[in-house]
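Following: one structure in structure tokens, then a few remarks.
Read the figures in this text as sums done on the coordinates, not as results from a lab. This structure is a prediction, so every number in the text was calculated from the model and none was measured. Cβ sites come from the backbone with ideal geometry, for glycine too, and all protein chains shown count toward neighbours.
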Amino acid sequence: MDSSRRVGEGILLETTDGFLYGFIEDPGAVSLATGDRLLVESKGGPKRLVLFSPSRLPLAVTERLLRAGASVVEGSRFTELVRGLGLGEYLGIEPRPERSGGERRLLPSAKVLDEIVSRARNWLDWGVPALALRFYRQANDLKPAFAPARVGIASSLLALGLIPEAEAAYREVLSTDPKSVDARLGLAAAKGVAGDTAGELEAYRAMLAEEPDRLTVRAHLVAALASHHRWAELRPEVETLLRRVPEDPRLRLLRSFALEHTESAREASAERAKARELGLTPEAERAICRELGLPIPALPKSPSASRPPPETPPPTVRPPRRAKPTRPRPRVRAATASPRPRTKSRSRKAQ
């Protein structure tokens with residue numbers, strides 16, 4: 001370790017391998033300015049910044065850090081890390097109950113090595129290669145020349161974007177084990193990341209020429225062809241895979257892309273419908289399209305929105321009402337009219 005120091009949000013620890021680790025004690029105090037400052041302070045560049053937080057950081061901060069290539073370990077992942085390191089009791093986290101039955105019985109040293117490698121794989125799968133690298137290196141120190149740890153170190157370096165270091169690590173593995181499939185696949189992927197597409201595809205095809213039934217190698221070839229939009233080459237490769245795993249919805253979707261770009265639109269539509277029948281969700285379809293740089297399909301409308309509005313009955317035409325006959329209004333004598341003159345008449349008594 002080079003140095004550790006306390007800042008307003010927690011503790012910063014810089015290690016000799018160029019990583020800057022930030023342990024956040026008060027996630028509420030972290031702002032966008034904090035994230036920018038940490039990115040500037042990481043001497044090896046933003047890809048070597050790893051931030052830890054027991055609870056979720058503000059979403060805007062997390063997104064900015066991830067876009068800059070940093071790693072963020074927060075919430076449940078932080079809890080899992082603490083458990084894995086055996087520090088749960090210090091943070092008040094209950095220990096996880098031990099699994100009974102079916103667990104492999106290993107010697108203490110082998111069990112520790114297996115746990116470290118498993119932990120490293122999890123972090124690499126979760127997209128935190130900086131932590132995976134440290135665990136793989138720890139496993140390699142525990143058992144030098146341990147092949148899974150050495151390949152894991154190279155894969156973590158590749159995920160961090162350190163291409164020359166990753167290629168050197170893969171070649172070191174191949175120097176002692178020339179037939180290592182994982183190292184050969186990793187070296188081919190490193191060529192692709194470095195921009196050598198032809199070298200990457202040639203490496204995959206050379207491995208398939210040696211053993212055509214290697215599904216993992218063919219899957220890497222299919223992924224590379226799809227990412228480079230080489231649809232005519234992709235179509236026979238993905239169809240070969242589908243003969244082995246016809247129920248894979250993602251392969252069905254890739255085949256629909258290849259069909260669509262090789263003038264088979266009707267068949268492509270049927271293949272995409274088949275992928276959806278096999279369980280491909282709209283969100284997964286959109287994620288694959290986004291990853292491949294293809295037009296993102298619109299989300300399907302809800303049933304209520306797609307249902308046509310109820311038909312309104314035509315307005316009823318009522319016959320016009322018959323007009324009632326109007327009586328002539330009685331003449332009203334005007335109040336200003338002159339009174340009618342009275343005539344003098346004698347009464348019968350007078351007579």
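Before moving on, here are some points about what is shown:
- Excluding same-chain neighbours fewer than eight residues apart, the aspartates and glutamates reachable from residue 111 by a Cα-Cα span under 20 Å are 80, 98, 103, 141.
- Sorted on the mean count of surrounding Cβ atoms within 10 Å across their residues, most packed first, peptides 201-211, 131-141, 163-173, 246-256 read 131-141, 246-256, 163-173, 201-211.
- Under 17 Å from residue 143, Cα to Cα: aspartates and glutamates that are on another chain or at least 8 residues apart: 114, 115, 172, 177
- Each other residue within a Cβ distance under 11 Å of residue 277 adds +1 if Lys or Arg and -1 if Asp or Glu, for a net charge of +2.
- Electrostatic tally near residue 196: other residues with Cβ closer than 13 Å to its Cβ, Lys and Arg +1, Asp and Glu -1, net -2.
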